[in-house]
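Some notes on the structure that comes next.
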Amino acid sequence: MHKIASVIKVLFRTTAKKYPMFFVLKILRMIVTTVMPFIALFVSPLIVDEIVGERNLQRLIVLTVILVGGEALCQILNDMLTNFINRYSTRLDNLFSLEIGKHVMELDFQLTEDKEALEQIEKARTGMEWYSGGVHGISDQFFNFIGNLLKAVGYITVIVLNAPLILLAIVVYAAVNAMFVGKLNKISIEAFGKLSKVNRLFGYFGWNIVDPRYGKDIRLYGAQSMMVNAWKENTRKSNDHWKWQGDSGLKYEVSGALLGLARSIFAYTYSAILAIRKLISIGTFTQLISAEVGLNGAIGGMINSVTELVKRCNYAYEYVIFMDYPEALSKGTRSVEKKPHEIEFKHVSFSYPKTDRKVLDDVNIKITPGEHLSIVGLNGAGKTTFIKLLCRLYDPTEGEILMDGVNIKEYDYGQYMEQFAPVFQDFKLFAFSIAENIAFEKKNADIKGITDRVGLHDFVEKLEKGTDTNIFKFFDEEGVEPSGGEQQKIAIARALYKDSPVVILDEPTAALDPIAEYDIYKQFNSLVGGKSAFYISHRLSSCQFCDHIAVFSEGHIAEYGTHGELSNIPDGIYAEMFEAQAQYYRD
Ligand code: ADP
């Protein structure tokens with residue numbers, strides 16, 4: 001119940017904010033479809049009484065016109081409204097896809113590396129698709145239920161006013177039948193549980209039989225008969241389950257049907273007796289019979305809608321869970337200016353969520369404003385993790401990171417993020433124009449200087465539309481596919497354009513050879529000027545022109561100093577690395 005309420009609340013609120021007309025149309029259609037059967041219910045008895053009574057032709061014609069015309073009008077209105085409502089279908093799917101997408105982009109970064117959170121995104125997405133029919137499917141069932149409830153109230157009123165005893169029969173029937181329906185549901189849930197295992201195996205064998213990749217092994221090891229026998233065995237099991245479900249439910253289905261029959265016989269007989277005794281007119285007799293039949297349908301409709309609503313809301317609830325995903329990071333309010341900063345790591349240790357291993361272990365380092373620091377170490381030493389903590393993609397498990405003497409958690413998150421312009425190893429360009437990839441939404445941004453400075457002059461010159469050329473061909477046939485090196489330069493231009501006081505290069509050049517990497521780092525360093533800079537590499541490309549070098553090893557800063565200091569430590573990690581890589585850098 002709680003799930004249904006929260007799904008309806010969240011889905012309807014989101015939809016109503018953007019498309020209020022959708023609900024107006026749905027409510028109108030519900031009114032029209034609810035009113036429609038009542039035209040016949042009230043007008044038909046009058047026609048019957050007119051025929052068996054005074055037979056006034058004029059009155060008969062008027063009543064017939066009201067009946068036929070009213071029903072036709074309702075039908076036309078229903079068709080028109082359905083047509084309008086259906087136009088919202090794609091729009092609503094897109095609305096919720098966008099809501100999920102927006103939430104994924106706002107989510108704390110660390111959740112995007114969390115398996116559970118990733119699964120929840122997937123469940124939210126599929127849960128809002130055909131499983132639930134989205135807000136379209138759920139609101140259909142919701143309004144069906146309300147419409148049927150209103151109809152039931154109407155029919156019951158007619159019955160109570162004319163033959164209250166029939167209502168008693170209906171209540172007894174409904175109570176006993178609800179018990180039968182409950183039993184049937186229980187059986188079907190149990191069968192579903194048993195069948196899902198068989199279905200999984202079916203899926204496995206079914207795929208392997210038709211999957212040509214298994215062809216070699218199946219032929220050479222004579223696996224055909226094993227596969228076919230397994231398939232047959234599963235078919236038998238599956239059939240057994242279906243048979244069990246059918247057999248177990250049969251008695252309840254038959255009892256329900258017999259009970260319904262008894263109720264109808266009672267209602268008809270009782271109404272007939274009232275009519276014969278002239279306690280009600282023939283018209284009212286037909287009205288009672290119609291109301292009884294109608295009530296039956298309305299109750300069936302209500303049970304159906306509720307069952308469907310529960311099922312659909314269960315799927316769509318995954319969306320509600322995802323949209324409610326808690327924030328992983330605490331966020332402060334302290335404002336922070338865009339200027340060079342002093343940064344200090346104090347006894348910082350870190351384990352990734354849901355792991356025990358300390359990837360960083362008691363890291364201590366102080367970086368003065370405008371300092372250029374080279375961070376080196378073998379793969380897996382913790383270099384990128386160090387940067388992720390600095391950029392608040394994760395928070396330290398122990399210790400604290402200070403910026404200008406204040407714990408970085410206290411700063412306004414958005415303003416804090418403005419301080420950093422990193423180029424990560426796995427940087428991503430978007431299928432927008434080159435200019436948009438560098439300056440994002442800042443229209444008419446002057447990026448010419450930047451593209452020239454990072455060495456994209458010739459690349460841009462060759463393009464007819466210059467920096468307005470789209471990258472990749474997803475949206476634009478004439479889009480350009482930049483080479484790996486050109487993509488890197490665009491990513492570097494983006495970082496420089498952001499004009500943040502701290503720039504970071506985290507091995508965006510790992511695919512390049514050491515010399516090319518050295519050139520890029522050196523050129524970048526000359527563009528950075530007085531900003532603070534962090535250069536990360538498992539090579540020593542950037543060490544010679546940096547103020548300090550921090551050598552990471554197994555989560556510690558094992559060595560710290562200038563190039564001169566570190567190369568002179570006997571058996572030092574840096575000295576050894578430098579010796580091994582020296583052939584590249586000697587010149
Ligand atoms: P480096 O940048 O020095 O190559 P990283 O900081 O990327 O090293 O990784 C340090 C260690 O943390 C590695 O052992 C890596 O496997 C582990 N690690 C990195 N990212 C994650 C993650 N999201 N979840 C769990 N472990 C991770």
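Any chance the range 422-433 includes a residue that's over 29 Å from the mean Cα position of the chain (by Cα) and either within 16 Å of the ligand (Cβ to nearest atom) or of a type outside the set (D, E, K, R) (or both)? For the range 422-433, residues over 29 Å from the mean Cα position of the chain (by Cα) and either within 16 Å of the ligand (Cβ to nearest atom) or of a type outside the set (D, E, K, R) (or both): absent. Checking each residue of the range 198-214 against the condition of being among the acidic types (D, E), open to solvent by less than 40 Å² (accessible area, probe 1.4 Å) and assigned by TED's automatic domain parsing to the domain that holds G297 gives at least one match. Of all residues in the range 171-187, none satisfies being of a type in the set (S, T, Y), in contact (Cβ under 8 Å) with a residue 24 or more places away in the chain and out of contact with any Leu (no Cβ under 9 Å at 6 or more places or on another chain).
Going by the conditions given, is T157 open to solvent by less than 70 Å² (accessible area, probe 1.4 Å), within 16 Å of the ligand (Cβ to nearest atom) and outside the structural domain of F386 (by TED's automatic domain parsing)?
Against the criterion (open to solvent by less than 70 Å² (accessible area, probe 1.4 Å), within 16 Å of the ligand (Cβ to nearest atom) and outside the structural domain of F386 (by TED's automatic domain parsing)), T157 does not qualify.
Counting the residues of the range 114-139 that are more than 10 Å from the chain's Cα centre (by Cα) and without any contact (Cβ under 8 Å) to a residue 24 or more places away in the chain gives 3. Restricting attention to the range 354-404, the residues that are in contact (Cβ under 8 Å) with a residue 24 or more places away in the chain, of a type in the set (S, T, N, Q) and either away from the ligand (no atom under 15 Å from the Cβ) or open to solvent by 30 Å² or more (accessible area, probe 1.4 Å) (or both) add up to 5. Contact annotation: residue pairs with Cβ atoms under 8 Å, 6 or more positions apart or on different chains, pairing a residue in the range 549-572 that is of a type in the set (S, T, N, Q) with a partner that is not in a strand (DSSP E or B), are S553/L378; S553/A381; S553/I573; T562/D547; S567/Y574; S567/A575; S567/F578; N568/A575. When each of F42, F38, F22, F12 is tested for being closer than 23 Å to V158 by Cα, assigned to a helix (DSSP H, G or I) and open to solvent by less than 70 Å² (accessible area, probe 1.4 Å), the lone residue that passes is F38. Here E233 does not fit the description of being out of contact with any Asp or Glu (no Cβ under 7 Å at 6 or more places or on another chain), closer than 30 Å to V172 by Cβ and surrounded by 11 or more Cβ atoms within 10 Å (Cβ to Cβ). Considering (1) in contact (Cβ under 8 Å) with a residue 60 or more places away in the chain; (2) under 29 Å from M1 (Cβ atoms); (3) touching a helix residue (DSSP H, G or I) at 6+ places or on another chain (Cβ under 6 Å); (4) in a helix (DSSP H, G or I), the lone condition that V158 does not fulfil carries the number (2).
State whether one or more residues within the range 38-48 are more than 17 Å from S281 (Cα to Cα) and either β-branched (V, I, T) or out of contact with any His (no Cβ under 9 Å at 6 or more places or on another chain) (or both).
Here is the first cut: in the range 38-48, the residues more than 17 Å from S281 (Cα to Cα) are 38-39.
From what is left, the residues that are either β-branched (V, I, T) or out of contact with any His (no Cβ under 9 Å at 6 or more places or on another chain) (or both) are 38-39.
Yes, the range 38-48 contains a residue that is more than 17 Å from S281 (Cα to Cα) and either β-branched (V, I, T) or out of contact with any His (no Cβ under 9 Å at 6 or more places or on another chain) (or both).
Does N437 meet the test of being farther than 30 Å from E576 by Cα, more than 16 Å from the ligand (Cβ to nearest atom) and polar (S, T, N, Q)? The answer is yes for N437. If you go through the range 522-538 and keep only what is crowded, with 22+ Cβ neighbours inside 10 Å and either of a type in the set (S, T, N, Q) or within 16 Å of the ligand (Cβ to nearest atom) (or both), you end up with S532, F534, Y535, I536, S537.
When the range 185-195 is examined, which residues are found to be open to solvent by 50 Å² or more (accessible area, probe 1.4 Å) and either farther than 14 Å from W244 by Cβ or touching a helix residue (DSSP H, G or I) at 6+ places or on another chain (Cβ under 6 Å) (or both)?
Scanning the range 185-195 gives N185, K194.
Do we have T467 as surrounded by 15 or more Cβ atoms within 10 Å (Cβ to Cβ), assigned to a helix (DSSP H, G or I) and outside the structural domain of G572 (by TED's automatic domain parsing) here? When the stated conditions are applied, T467 passes them. Just wondering, is there one or more residues in the range 492-499 that are outside any helix (DSSP H, G or I) and at pLDDT 90 or above? No - not one qualifying residue is present in the range 492-499.
Are any of the residues in the range 438-448 assigned to a helix (DSSP H, G or I), under 32 Å from the mean Cα position of the chain (by Cα) and of a type in the set (V, I, T)? I'd like the intermediate steps shown before the answer.
Of all residues in the range 438-448, those assigned to a helix (DSSP H, G or I) come to 438-439, 448.
Narrowing the set further to residues that are under 32 Å from the mean Cα position of the chain (by Cα) leaves 438-439.
With the extra rule that they be of a type in the set (V, I, T), the set shrinks to 438.
Yes, the conditions are met somewhere in the range 438-448.
The number of residues in the range 485-520 that are within 16 Å of the ligand (Cβ to nearest atom) and without any contact (Cβ under 8 Å) to a residue 60 or more places away in the chain comes to 3.
In the range 313-328, is there at least one residue being open to solvent by 20 Å² or more (accessible area, probe 1.4 Å) and more than 30 Å from W130 (Cβ to Cβ)? There is at least one residue in the range 313-328 that is open to solvent by 20 Å² or more (accessible area, probe 1.4 Å) and more than 30 Å from W130 (Cβ to Cβ).
Has the range 130-137 got any residue that is among the small types (G, A, S), open to solvent by less than 40 Å² (accessible area, probe 1.4 Å), out of contact with any Cys (no Cβ under 7 Å at 6 or more places or on another chain) and on the phi > 0 side of the Ramachandran plot? Taking every residue of the range 130-137 in turn, at least one turns out to be among the small types (G, A, S), open to solvent by less than 40 Å² (accessible area, probe 1.4 Å), out of contact with any Cys (no Cβ under 7 Å at 6 or more places or on another chain) and on the phi > 0 side of the Ramachandran plot.
Among the residues of the range 88-101, write down those that are under 16 Å from F322 (Cβ atoms) and open to solvent by 90 Å² or more (accessible area, probe 1.4 Å). Even if it seems obvious, please write down each step before you answer.
Kept after step one, since they are under 16 Å from F322 (Cβ atoms), are these residues of the range 88-101: 95-101.
If the condition is that a residue be under 16 Å from F322 (Cβ atoms) and open to solvent by 90 Å² or more (accessible area, probe 1.4 Å), then L98 is the only one that fits.
Among what's in the range 333-343 and is within 38 Å of the chain's Cα centre (by Cα) and either crowded, with 17+ Cβ neighbours inside 10 Å or within 11 Å of the ligand (Cβ to nearest atom) (or both), pick the residue that is farthest from S532 (Cα to Cα). Once the filter is applied, the top-ranked residue is V336.
Is at least one residue of the range 57-66 on the phi < 0 side of the Ramachandran plot and in contact (Cβ under 8 Å) with a residue 24 or more places away in the chain?
The first filter runs over the range 57-66 and keeps only residues on the phi < 0 side of the Ramachandran plot, leaving 57-66.
Filter once more, so that each one left must be in contact (Cβ under 8 Å) with a residue 24 or more places away in the chain: 66.
Yes - at least one qualifying residue is present in the range 57-66.
The values are calculated or read from the model by the stated rules, or taken from the named source; none is laboratory data. Keep in mind the model is a prediction, meaning the values are calculated, not measured. Cβ coordinates were reconstructed from backbone atoms using ideal geometry, including for glycine residues, and neighbour counts include every protein chain displayed. Just the protein is used for accessible areas: all its heavy atoms, side chains included, with ligands, DNA and RNA removed. Shrake-Rupley method; radii C 1.70, N 1.55, O 1.52, S 1.80 Å.
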